[in-house]
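Q: Got a structure for you, written out below as structure tokens; questions coming shortly.
Each reported figure results from applying straightforward, stated rules to the coordinates on display, with no laboratory input. All values derive from a computational prediction rather than experimental measurement. Cβ: placed from backbone, ideal geometry, glycine included. Neighbour counts: every protein chain shown.
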Amino acid sequence: MTPMLAQVGLHHYLILAAMLFVCGLATMMLKRNAIGILMGVELILNAANVNLVAFNRFRFAVDAGGTGGLRLDGQVFAIFVIILAAAEAAVALAIFLSFYNNFTTIDVERGTQLKG
């Protein structure tokens, strides 16, 4: 029999995802650097990934009788979120490079001078 500390339940994953989300939100709110804001967005997306995989794991877990099936819905959605995050990071870095070429800084406070 395993001790209680060795059992990781759904609430542990939800607490981890909530902490990741709060850290990402705080990073987005407090950083003035564009790269820091991008890191905050990535933390929030990772929190969503943890939730997707954890809910999938505990919703479709194999029971003691072995009648539960293997469902990969949460993992597939997590892969889509990872692909979305990679595309978002590529576009954001291109925007940051263009911004740096124009203003020689990536301070987002200077973004008020943009026209468009």
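Q: Which order, highest average first, do 81-93, 21-33, 39-51 follow once you tally other Cβ atoms within 10 Å for each residue and take the mean per peptide?
A: Going from most to least packed, we get 39-51, 21-33, 81-93.
Q: Grab the Cα-Cα distance for Val81 and Met39, subtract it from 0.36 nm times how many residues apart they are, and report the gain in nm with one decimal.
A: 13.6 nm
Q: Give a residue-ordered list of calculated ³J(HN,Hα) values for the range 97-107 (Karplus: 6.51 cos²θ - 1.76 cosθ + 1.60, θ = phi - 60°; whole Hz; x for Gly, Pro).
A: Taking θ as phi minus 60°, the curve returns 5, 5, 4, 5, 5, 7, 10, 6, 7, 10, 6 Hz for the range 97-107.
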